[in-house]
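The values are calculated or read from the model by the stated rules, or taken from the named source; none is laboratory data. What you are looking at is a predicted structure, and each value in this text was computed from that prediction instead of being measured. Cβ: placed from backbone, ideal geometry, glycine included. Neighbour counts: every protein chain shown.
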Amino acid sequence: MSNEQENSAVSEAPVAAEGEGTVATAASQSQPQAQSSGDRRGGDRRGGRDRRNGDRRGGGRRDRRDGPRADLQANEYSDKVVHVNRCAKVVKGGRRFSFAALVVSGDGKGRVGLGYGKAKEVPDAIRKGTDRAHHSFKTVQLRGNTIPHEVFGEHDGGRVLLRPAASGTGIIAGGGVRAVLEVVGVKDVLSKSLGSNNPLAIVKATIDGLLKLRTLEQIRGIRGIQPAVPAGEVVADEVGASPETTAVTADTL
């Protein structure tokens, strides 16, 4: 009986060893899977965090041209496209087109700007021209709804004559001259183009004429003329006399 028990014990030992080996192998196989799943979760979590940060950074950045201020400027200014020119370049595969847009912009209160934009597409060219026009505003002297006096503007081959008109006359002009006068805020004026028909030359000649306008006060200041004083009004002398002792009458004028 002792021999049989020893034989059975010897035969069961390898089986138990094999069972322990199987359990150890299964445990060793499950551990890398758990570790890989943990790495995957950590990678997803890190990736998700980076992705969230990226989305937050991307969403937080805003173009400076967008927003309420840009919308306010767009509503405040009046933009007009005067001319769109198309240029074709012949290459081996065919023709490549590019566009140039001439844009004038103003606030209707005596300010006007000119922009010339070039791009491969018409909308991009107009946008560039509009932006440049908004950054090149110049102030024009007006008198009510018309201009103070007759003026003659020149640029290259373009020559434009502008004359003040009575109220209700309207803008007697066409093409680029009319576009400039509308955006600057003039409502009654007479005009005549006497030179080239090139849109850019006409627009620049019109702006040149508008920039030559002067008010009565400005002309008096340039010439050093004192403003006229009505008869009987008391004024102070230049030397420092008191207003009570110095009076200007119609005889002294």
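Listed values, structure above:
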{"quantity": "Looking only at the range 115-145, and only at residues there that are β-branched (Val, Ile, Thr) and surrounded by 20 or more Cβ atoms within 10 Å (Cβ to Cβ), the one that is nearest to Gly168 (Cα to Cα)", "calculated": "Val140"}
{"quantity": "Residue satisfying all of: in the range 100-114; in a strand (DSSP E or B) and small (Gly, Ala, Ser); surrounded by the fewest Cβ atoms within 10 Å (Cβ to Cβ) among these", "calculated": "Ala100"}
{"quantity": "Flag if Glu217 is among the acidic types (Asp, Glu) and in the same structural domain as Asn85 (by TED's automatic domain parsing)", "calculated": "no"}
{"quantity": "Residue match in the range 116-123 (condition: modelled with pLDDT of 95 or more, of a type in the set (A, V, I, L, M, F, W, C) and assigned to a strand (DSSP E or B))", "calculated": "yes"}
